[in-house]
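Nothing in this text is a laboratory measurement; each read-out follows from the coordinates by a stated rule. Computed from a prediction, not measured in an experiment: that's the story for all the values here. Please note: Cβ atoms are built from the backbone with ideal geometry, for glycine as well, and neighbour counts cover all protein chains shown.
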Amino acid sequence: MTDSRPLDTGAFWSLPEPMREAIKSAWQEDVGPGDITSAACVPSGAVEAAGFLVKGEGVLAGLVVAQAVFAFGAPEVEFKPLAQDGSRVHPGIVVARVEGPAAQILTAERLALNFMQRMSGVATVTRRVVEALEGTGTRVLDTRKTTPGLRYFEKQAVVIGGGVNHRFGLFDQILIKDNHIDYAGTVEAALEGAHRHLAEVGRAVPVVVEVRNFAEAQSAFAAGGADRLLLDNFSPDEVREVVDHLAGRIPTEASGGLTPDTVRAYADAGVDFVSLGWLTHSPQSLDISLKSAAALAALQK
């Protein structure tokens with residue numbers, strides 16, 4: 001499929017280019033030269049309707065992406081959202097309806113569901129963390145521990161769930177980690193190199209330093225030039241010691257093995273941010289399926 005194929009709405013073109021390219025690639029991966037099952041079994045010219053039925057508890061995300069999938073690959077199908085990304089859903093809710101050529105509905109079904117189920121899973125666990133942090137002022141960040149090719153979708157789902165995006169990639173923030181410090185020799189040398197490089201290339205991006213203990217946190221702060229200290233694999237008590245010592249003079253972030261069940265203790269210790277790879281590497285996809293209009297009517301009896 002090429003960009004010259006007519007599209008029904010701006011749903012596809014409203015997405016950032018990397019998301020559009022990912023949808024095109026995923027379509028090619030799944031459909032290839034054509035959906036032979038639908039071509040073989042569905043009467044030519046058949047027009048049908050169906051609905052996206054939620055079968056689990058969670059936070060909806062990816063509805064806009066699902067609509068874009070249909071706009072790209074099934075342009076004659078009308079996609080009508082019945083809910084909004086970010087809304088809480090439970091079993092039995094129909095979040096969107098589609099109507100149009102039956103074969104097109106079936107061809108686009110799985111790809112639309114894959115995006116929506118995955119993104120809803122990420123948004124759901126993110127919301128769980130956000131709720132665990134209520135009243136503390138601490139915010140939750142994601143990480144680069146994303147599914148290759150799906151980073152835009154997963155990071156968008158984090159925002160839909162109420163979280164904040166960390167750096168998007170290796171290009172938009174300097175994050176000095178433990179290996180950078182070891183290879184540079186000292187945290188001071190790593191910071192000096194970071195700012196020298198930014199000056200040489202004429203760029204201004206945030207500089208975050210990951211520290212492994214109280215002494216390294218002291219050194220990184222004393223050296224100057226960091227926009228935030230990332231306290232890696234600290235216990236809540238160790239975090240509190242650093243936070244009390246810094247007294248709000250630099251933002252802090254806790255990371256390293258955090259889960260929704262442990263974040264509150266770190267927030268209570270006073271950090272400004274918690275970052276969790278868990279948001280994108282461990283969520284369970286939300287159960288959503290496409291049901292024909294006849295099947296939905298039978299369920300409602």
Item to check | Relative pair counts by distance (%), Cα atoms of the chain, 20 Å bins | outcome: 30, 45, 22, 3
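Taking R0 as 35 Å, what's the FRET efficiency between residue 261 and residue 205 from their Cβ-Cβ distance, rounded to 0.05?
With a Förster radius of 35 Å, E is 0.60.
By how many nm would the segment from residue 213 to residue 134 lengthen if fully extended, with 0.36 nm per residue of separation less the alpha-carbon distance?
Working it through step by step, the gained length comes to 25.7 nm.
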Next on the checklist: Rounded to whole Å, give me the distance from the Cα center of segment 69-130 to that of segment 235-256.
Outcome noted: 41
Checklist entry - Taking R0 as 51 Å, what's the FRET efficiency between residue 249 and residue 147 from their Cβ-Cβ distance, rounded to 0.05? => result 0.85
Next on the checklist: Between residue 37 and residue 298, what is 0.36 nm times their sequence separation minus the Cα-Cα distance? Round to one decimal in nm.
Outcome noted: 91.5 nm
Next on the checklist: I want the local charge near residue 154. Using Cβ-Cβ distances under 11 Å, sum +1 for each Lys or Arg and -1 for each Asp or Glu among the other residues.
Outcome noted: +4
Next on the checklist: What are the ³J(HN,Hα) couplings of segment 45-51, residue after residue, when phi is run through the Karplus curve with 6.51, -1.76, 1.60 and θ = phi - 60°? Round to Hz, x for glycine and proline.
Outcome noted: x, 5, 10, 9, 10, 7, x
Checklist entry - If we count every other residue with Cβ under 12 angstrom of residue 165's Cβ, Lys/Arg +1 and Asp/Glu -1, where does the sum land? => result +2
Checklist entry - By how many degrees, 0 to 90 and rounded to 10, does the Cα axis of helix 214-223 deviate from the longest principal axis of the chain? => result 80
Item to check | Peptide ranges 145-152, 208-215, 292-299 listed from the most packed, as the mean C-beta count within 10 angstrom indicates | outcome: 208-215, 145-152, 292-299
Checklist entry - So what's segment 130-281 giving for Rg/Rh, alpha carbon basis, Kirkwood Rh from the mean inverse pair distance? => result 0.96
Next on the checklist: If I fit a long axis through the Cα atoms of helix 236-246 and take the longest principal axis of the Cα atoms of the chain, what angle between them do I get, 0 to 90°, rounded to 10?
Outcome noted: 60
Checklist entry - Could you list log10 I(q)/I(0) for segment 8-125 at q = 0.14, 0.15 Å⁻¹, which the Debye formula gives when each Cα is one point scatterer? => result -0.57, -0.65
Checklist entry - Fully extended, how many nm does the chain gain between residue 238 and residue 179 (0.36 nm per residue separation, minus their Cα-Cα distance)? => result 19.1 nm
Next on the checklist: Can you show me the helix-derived [θ] at 222 nm for the chain, built from DSSP H runs with n ≥ 4 at -39,500 (n - 2.57) apiece and divided by the number of residues, rounded to the nearest 500.
Outcome noted: -13500 deg cm²/dmol
Next on the checklist: Quick check: the angle from helix 151-160's long axis to the longest principal axis of the chain, C-alpha only, nearest 10 degrees?
Outcome noted: 80
